[in-house]
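J.: I am attaching a structure below and will ask some questions about it afterwards.
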Amino acid sequence: MTITAVRGFNDILPGDSFVWKFVEQSAWRVFASYGYSEIKVPVVEKTELFMRSIGETTDIVEKEMYSFADRHGDGLTLRPEGTASVVRAYIEHKLYTKPVNKLYYHGPMFRYERPQKGRYRQFYQIGAEVLGSAHPHMDAEAIEMLVRFFTEIGLTGITLHINSLGCSECRPGYKAALIGFLEGVKDRLCENCRRRIAANPLRALDCKSTGCIEATRSAPAITGSLCDGCADHFGKVKVSLSARGIVAVINPRMVRGLDYYTKTTFEITASGLGAQNAVAAGGRYDGLVSDLGGPATPCFGFAMGMERVVLLLQETGLEARGIRPDAVCAFIPIGAQAIDAGTGIVKGWRQAGLSVIEIFDEGALKSRMKMADRLGARFAVILGEDELKAGLVTIKDMKTAGQTQVRLADAAAELAKAAL
Ligand code: ATP
Ligand code: MG
């Protein structure tokens, strides 16, 4: 019996990985232009970190974590998200000695969810966090950066939803009002939400079961309970977004699935993904650094789901956006002399930045051309004995079947130009 991958854990094959690379490189470029630099954090953390940050009564901690005891008996967890690790590292390495840190990360996250289109058990996120700024402009700037990224990769038709979750001053009042409301519709809630009414009533607003969505339709809106500070902050975020030309839909039901959020939260959805329509989400988390033992530090961050972004690009067309794999040149030397001379020639082309595969297999030119085609080469570059003597080489465009002979010395430049 052959061994297959674990359900919900995917291979990303070369036929897709070039799209991933495009997305990642576009993100690095945009994020760098806003002054972000990369932080690499481990995929495994002490379980306690997630329990204390994400919250013990969230779906992620209650049902979705891959937690295990290692050989030593230490309780470890495969990270379900990246913010907790970034904050842990921020405190551990005293990054707070710098007034503001703008950090981005990427990598796999793990959640035990039901695998389906756009939802997997190992999935990849690109995330960004700004630690050390309380300014509402910073919320808007981070959202602008994300919107710019989506524009840059050619994804239109996305919707920004924003909300404010208040702070430790005003949220308790809202929670009490919500608990009162939920008690009244208790019978219509799912078992999970019913159980959590007292401990974590906000979860009912994030529940995906139709019963809970229906039952909470007329729940009190958090935006009506904000204290002056939170209302002012939210107002300024909205003004700042609109000054940046960004349209936002206010969605008072959007509470997010993680407990650490305060004030601004947001989600970006895209049509064309079915039920899994959230491509990125995030918000402010002003209490998390101090909750985890660091100095009080206001922060804002977000994460986007790579698989969903890649799916959207693939479904709405890669060609039109100029997303394609590297153009590979297949080098076909004919005869012993050409093979020998070819080694040095190809080395030079590679140093010049071309992607070159060599087809050493002997045999008829026709079968070697076929091989080049099956390997997905964009160009075949043929060097015969006579051509070698004359200092020439033949370039065949595999797409158009057009053929030209160029000087060996010009070949790298010609190929680079043709590959654009
Ligand atoms: P959803 O509401 O779809 O479950 P979420 O609120 O749990 O998303 P976050 O924890 O905020 O998502 O993560 C940010 C992004 O990561 C999501 O918007 C989504 O694009 C992606 N994501 C989350 N869970 C998964 C998953 N299991 N598989 C693939 N992508 C995911
Ligand atoms: Mg989720």
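J.: Ignoring ligands, DNA and RNA, please state the percent of accessible area on the stretch 328-419 from carbon and sulfur, probe 1.4 Å.
T.: Exposed carbon and sulfur together represent 54 percent of the surface.
J.: Place +1 on the Cβ of every Lys and Arg and -1 on the Cβ of every Asp and Glu in the chain, take the dipole about the Cα centre, and give the residue among 249, 93, 22 whose Cα lies farthest towards its positive end.
T.: After comparing all options, I get 249.
J.: Nearest 10 degrees, 0 to 90: what angle lies between the long axis of helix 136-152 and the longest principal axis of the chain (Cα atoms)?
T.: 30 degrees
J.: Nearest 10 degrees is fine. How inclined is helix 228-243 to the longest principal axis of the chain, computing both from alpha carbons?
T.: On a 0 to 90 degree scale, this one is about 30.
J.: When you count, for each residue, the other Cβ atoms within 10 Å and take the mean per peptide, how do 204-210, 137-143 rank with the highest first?
T.: For the peptides 204-210, 137-143, the packing ranking is 137-143, 204-210.
J.: What does the C-alpha gyration tensor say about the overall shape of the stretch 236-276? Classify as rounded when a/c is under 1.5, otherwise prolate if a/b is larger than b/c, or oblate.
T.: Oblate.
J.: Tell me the GluC sites (Glu not before Pro) within the stretch 63-132 that lie in a loop according to DSSP and have at most 16 other beta-carbon atoms within 10 Å.
T.: Numbers: sites: 64, 81, 92, 113, 129; in loops: 81, 113.
Answer in residue order: 113.
J.: Counting Lys +1, Arg +1, Asp -1, Glu -1, what net charge surrounds residue 38 among other residues with beta carbon under 15 Å of its beta carbon?
T.: Value of the local net charge: +1.
J.: Among 218, 348, 105, whose Cα projects farthest towards the positive end of the dipole of the chain, with charges put on the beta-carbon of Lys, Arg (+1) and Asp, Glu (-1)?
T.: 218
J.: Taking amide hydrogens as modeled 1.01 Å from N in the peptide plane, which residues meet the under 5 Å criterion relative to residue 285, leaving out close sequence neighbours?
T.: HN-HN under 5 Å from residue 285: 262, 299, 300, 301.
J.: If you keep only loop residues by DSSP, which trypsin sites (Lys or Arg not before Pro) in the stretch 320-420 have at most 12 other Cβ atoms within 10 Å of their Cβ? Before the final figure, lay out the partial values.
T.: Working: sites: 321, 347, 350, 366, 368, 370, 374, 378, 389, 396, 399, 407, 417; in loops: 378, 399.
Of the trypsin sites (Lys or Arg not before Pro), the ones in loops of the stretch 320-420 whose Cβ has at most 12 other Cβ atoms within 10 Å are 399.
J.: In µm²/s, what is D for the chain at 20 °C and 1.002 mPa s, where D = kT/(6 pi eta Rh) by Stokes-Einstein and Rh is the Kirkwood radius from Cα pairs?
T.: 87 µm²/s
J.: Taking the chain as a whole, which cysteines find no other cysteine Cβ under 4.7 angstrom from their Cβ?
T.: By the Cβ distance rule, which asks for a partner under 4.7 Å, the isolated cysteines are 167, 190, 193, 230, 299, 329.
J.: How do 170-176, 302-308 rank on mean C-beta neighbours within 10 Å, highest first?
T.: Order by mean packing, descending: 302-308, 170-176.
J.: Please list the non-local residues whose amide H lies under 5 Å from the amide H of residue 124, H modeled 1.01 Å from N, same-chain partners needing a gap of 5 or more.
T.: 109, 306, 307
J.: So if I place +1 on the C-beta of Lys and Arg and -1 on the C-beta of Asp and Glu, and nothing else carries charge, what would the dipole magnitude of the chain be about its Cα centre? I want it in debye, nearest 20. All intermediate terms of the calculation are to be shown ahead of the outcome.
T.: On the way: 51 positive and 47 negative charges, 120 e Å.
Once rounded to the nearest 20, the dipole reads 580 debye.
J.: Now for a separate question. I want to check the label-to-label distance for residue 214 and residue 244. Put each point 7 Å from Cα in the C-beta direction and report it in nm to one decimal.
T.: 3.9 nm
J.: Calculate one ³J(HN,Hα) per residue across the stretch 117-134 by plugging θ = phi - 60° into the Karplus curve 6.51 cos²θ - 1.76 cosθ + 1.60, and present them in order as whole Hz with x for glycine and proline.
T.: Calculated HN-Hα couplings, in order: 4, x, 9, 10, 8, 10, 9, 10, 10, 10, x, 9, 9, 10, 10, x, 10, 9 Hz.
J.: Between residue 352 and residue 231, what is the label-point separation in nm under the 7 Å Cα-to-beta-carbon projection?
T.: 6.8 nm
The values are calculated or read from the model by the stated rules, or taken from the named source; none is laboratory data. The structure presented is a predicted model; accordingly, all values stated were derived computationally and were not measured. Neighbour counts run over all protein chains shown; Cβ positions are idealised from the backbone, glycine included. Side chains are part of the model used for accessible areas, which takes the heavy atoms of the whole protein and leaves out ligands, DNA and RNA. Shrake-Rupley method; radii C 1.70, N 1.55, O 1.52, S 1.80 Å.
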